[in-house]
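> Sharing a structure, written as structure tokens. Questions coming.
The values are calculated or read from the model by the stated rules, or taken from the named source; none is laboratory data. None of these values were measured; they are calculated from a predicted model. Positions of Cβ are backbone-derived with ideal geometry, glycine not excepted, and every protein chain shown enters the neighbour counts.
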Amino acid sequence: MSFSMPQTSSGRPVTPLRYAFRSLHYRKGGLLRALASLSLLLIYLTVLGGVVEGVDREITELSEAGEAPSKDLLDFRDTMGSWYTFTFVLYSLLMLFLALTYFSMVAVARGEESHLLKSLGFSRWEVDTLFLLEALLLTCLTAVISLAVAIVFTPIFPRIFQPFGIQFRATFQPLTFLQLTLVLVVTASAGAVLGGEISQRERRVAV
Amino acid sequence: MKESVVLVEGVKKVYGSGRKRVEALRGVDMEVKGGELVAIMGPSGAGKTTLLNIISGIEAPTKGKVTVRGIRVDSLNERERRLFRRVNIGYVFQNYNLIPSLNALENVLLPSLFSEEDLSERAMELLKMVGLQGRWDHLPGELSGGERQRVALARALLRNPPLILADEPTGNIDTTQAGKLMRILRRIAREGKAIIVATHDPVVASSCHRVLRLRDGKMGGRM
């Protein structure tokens, strides 16, 4: 039987970077869910933050012009402000919880993979490099997609709030960057929130 | 006269201490020469895997000497054992331990992951040797148990190690596939490699050149 050598762009079929890419590609179902949920979360937090800051700005502008802001506007800011803080903290905790769950799952699911690599003679540093490279790639991908989704969707929200008489300017404000940082830090430290399917799928398919 | 590849002398391995002390190996002696296919038989918990782990340097013995091709494995530090393993040992696991996201060829090439050396041609030759040349681009999930184990064997041979250790290699595959795998192992042994197979299957053991029985951490003699 004849067979042909596989053609690859870099010459070597397996490199640490390709290993990481393949690993991500293999888990693309979980990856898409993670990206979708992170993007939605980012939009949600951005909108809430934007509303609070938009109202704040309007109150400041009215005060500077010597006009008294209406009671409705002040009430709205107070209610939304506290609600925003509560939601922000709640989501932060949720994300951290997901990250911890993910860590535990990965530790179980990929324990054998790690053991195999060590038995093949790889150092701990080399094994860590593979997993960190994968986390880094995923984090970059998540950041780019989340940012793109936020940029595309944020301008839509001022139109939603216009009927209520609120001048909401959804630009990228400090709060938005705070949220982005939160998403990135948690995603980076967790290696990514991939979903609960990984461990079972890994066990079922190979190791 | 054939050269001694593995020499194990008075190896003991103790886990834990006090009331939790478990003696996994209680003074094991054995020798395996190049070209030999040796089975270590024994029930679960007899110490087969521990013995293989000590020979390969994955674990250190509590007492005794382990020499592989003249290298005293028991006196190496962790880093030296790792480098020793890279060059001298090919390991085949019961549950294949293939990376699910890599295809058969990439799995065979795994030992060269951090190396600049391109061993693709050798990997393809090895896949051909184990009868899987037409399936190099298949993921582990697309292969049968026997095929996965043959990929794992090809991976163990990539760096042309003088010693192959197989821990229950036929434990998860049917008898036809097991027979095929044992025929390949015999062929590899004929090329001069030393192969140690840990098994509790008498059929597998009978296809080896020599059988050693391990019971309660001690060698119980030849069969």
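> Cβ-Cβ below 8 Å, separation at least six or inter-chain, first residue in the stretch A:103-132 and under 15 Å from B:I89 (Cα atoms), second modelled with pLDDT under 85 and part of a helix (DSSP H, G or I): which pairs?
Qualifying pairs under 8 Å: A:L117/A:V127; A:L117/A:L130; A:K118/A:R124; A:K118/A:V127.
> Looking only at the stretch B:132-146, count how many residues are part of a helix (DSSP H, G or I) and within 30 Å of B:L83 (Cβ to Cβ).
1
> Quick one: B:P169 ticks every box in (1) more than 10 Å from chain A (Cβ to nearest Cβ); (2) out of contact with any helix residue (DSSP H, G or I) (no Cβ under 8 Å at 6 or more places or on another chain); (3) touching a residue at least 40 places away in the same chain (Cβ under 8 Å) bar one, so which box is it?
(2)
> Give me a count of the residues in the stretch B:75-102 that are free of Cβ contacts under 8 Å to residues at least 24 places away in the same chain and either at the interface with chain A (Cβ under 9 Å from one of its Cβ atoms) or assigned to a helix (DSSP H, G or I) (or both).
Result for the stretch B:75-102: 5.
> For the stretch B:183-199, indicate whether the set of residues that are part of a strand (DSSP E or B) and touching a Cys at 6+ places or on another chain (Cβ under 7 Å) is non-empty.
yes
> Condition test on B:K65, is it away from chain A (no Cβ under 13 Å) and either buried (at least 19 other Cβ atoms within 10 Å of the Cβ) or within 18 Å of the chain's Cα centre (by Cα) (or both)?
No.
> Here's something else I'd like to know. All but one of (1) at pLDDT below 80; (2) touching a strand residue (DSSP E or B) at 6+ places or on another chain (Cβ under 7 Å) hold for A:F131; state the number of the condition that does not hold.
The one condition A:F131 does not meet is (2).
> Check off (1) outside any loop (DSSP other than H, G, I, E, B); (2) of a type in the set (S, T, N, Q); (3) over 24 Å from B:G47 (Cα atoms) for B:Q149 and give me the number that stays unchecked.
B:Q149 satisfies every listed condition except (3).
> Within the stretch B:172-206, can you find the residues that are closer than 20 Å to B:R159 by Cβ and surrounded by fewer than 14 Cβ atoms within 10 Å (Cβ to Cβ)?
B:R187, B:R190, B:E191, listed by residue number.
> Name the residue that is surrounded by the most Cβ atoms within 10 Å (Cβ to Cβ), counting only residues in the stretch B:125-150 that are under 16 Å from B:I184 (Cα atoms) and facing chain A (nearest Cβ under 9 Å).
The selected residue is B:R148.
> If you don't mind, another one. Having 1 or more residues that are surrounded by fewer than 16 Cβ atoms within 10 Å (Cβ to Cβ) is the bar; report the strands (runs of 3 or more DSSP E) wholly within the stretch B:1-60 that clear it.
Output list reads B:4-15, B:22-33.
> Can you tell me which residue is surrounded by the fewest Cβ atoms within 10 Å (Cβ to Cβ) among those in the stretch B:103-114 that are aliphatic (A, V, I, L, M) and in a loop (DSSP other than H, G, I, E, B)?
B:L113
> How many of the residues making up the stretch A:16-68 are hydrophobic (A, V, I, L, M, F, W, C), modelled with pLDDT of 80 or more and closer than 20 Å to A:T79 by Cα?
3
> Could you list, in sequence order, all residues of the stretch B:165-191 that are more than 18 Å from B:G35 (Cα to Cα) and of a type in the set (G, A, S)?
If the condition is that a residue be more than 18 Å from B:G35 (Cα to Cα) and of a type in the set (G, A, S), then B:G171, B:A178, B:G179 are the ones that fit.
> Check the stretch B:31-51 and report whether any residue there is more than 26 Å from B:S206 (Cβ to Cβ) and out of contact with any Cys (no Cβ under 7 Å at 6 or more places or on another chain).
no
> So B:D29 fits all but one of (1) farther than 23 Å from B:K193 by Cα; (2) in contact with an Asp or Glu (Cβ under 8 Å, 6 or more places away or on another chain); what number is the exception?
Exception for B:D29: condition (1).
> Exactly one of these conditions fails for B:L83: (1) crowded, with 20+ Cβ neighbours inside 10 Å; (2) under 30 Å from B:A60 (Cα atoms). Give me its number.
B:L83 satisfies all of (1) crowded, with 20+ Cβ neighbours inside 10 Å; (2) under 30 Å from B:A60 (Cα atoms) except (1).
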